[in-house]
Amino acid sequence: MISTLTLTMNDGTSKAFNFLATGTTATRFRMIFGRDLMMSITPMTKLADVENNDEAFQIAAECGLIDVVQQLGYVMNKQAEKADMNTEATIEDYLEWLDQFDSFTLLNHSLEIISVYLSNRSTTSTQKKRPARQSGK
């Protein structure tokens, strides 16, 4: 799933950024940051039903998810830009990417960033067979 968010830059202007979540997002996250996204994101499922950014920020802070949200946003933005993940996606590039934003802009959009990723993980398939009936034996 791809989504466009308008984020506030350091100079106070706004700029649109695309974020793309795919099946390789977790692999790319591990390649760049050296940790398992799925283990880091498990507490993030609490944010799936949150409807406002203030509540999302509070939960993210309590669960230690602020870095994960920023790093996930970086990976999904690089995917949307079709960046070469072997040469362009480095820790130094991540820090430069992060430096361009106003202090709390990514945190204020944490709910949207998480929603882009989590919506990619949901299935649209339906069950083809009914579960087998259990017999009383």
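The values are calculated or read from the model by the stated rules, or taken from the named source; none is laboratory data. Given the structure is predicted, the values throughout are model-derived calculations rather than measurements. Note that each Cβ is placed from the backbone with ideal geometry, even for glycine, and that neighbours are counted across all protein chains shown.
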The residue from Ala61, Ala89, Ala26 that alone is within 16 Å of the chain's Cα centre (by Cα), within 17 Å of Ile114 (Cβ to Cβ), crowded, with 18+ Cβ neighbours inside 10 Å and hydrophobic (A, V, I, L, M, F, W, C) is Ala26
Taking the range 67-86 and the residues there that are within 18 Å of Met1 (Cβ to Cβ) and charged (D, E, K, R), the one that is surrounded by the most Cβ atoms within 10 Å (Cβ to Cβ) would be Lys78
Residue count, the range 94-109 (criterion: over 17 Å from Phe33 (Cβ atoms) and within 15 Å of the chain's Cα centre (by Cα)): 4
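If I ask for residues that are part of a loop (DSSP other than H, G, I, E, B) and either touching a residue at least 60 places away in the same chain (Cβ under 8 Å) or among the β-branched types (Val, Ile, Thr) (or both), which ones from the range 71-108 would you list? Let's see the steps before the verdict.
Looking only at the range 71-108, we keep the residues that are part of a loop (DSSP other than H, G, I, E, B), and these are 81-90, 100, 102-104.
Within the range 71-108, Glu81, Thr87, Ala89, Thr90, Gln100, Asp102 meet the criteria.
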Residue under question is Asp84, and the condition is that it be of a type in the set (D, E, K, R) and either over 24 Å from Gly12 (Cα atoms) or within 16 Å of the chain's Cα centre (by Cα) (or both); does it hold? yes
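Just checking, how many residues over the range 39-58 are at pLDDT below 85 and surrounded by fewer than 20 Cβ atoms within 10 Å (Cβ to Cβ)? Before the answer, list the steps.
At the first step, the residues of the range 39-58 found to be at pLDDT below 85 are 40-58.
Among the residues that remain, those that are also surrounded by fewer than 20 Cβ atoms within 10 Å (Cβ to Cβ) are: 42-43, 45-46, 48-55, 58.
Selection size over the range 39-58: 13.
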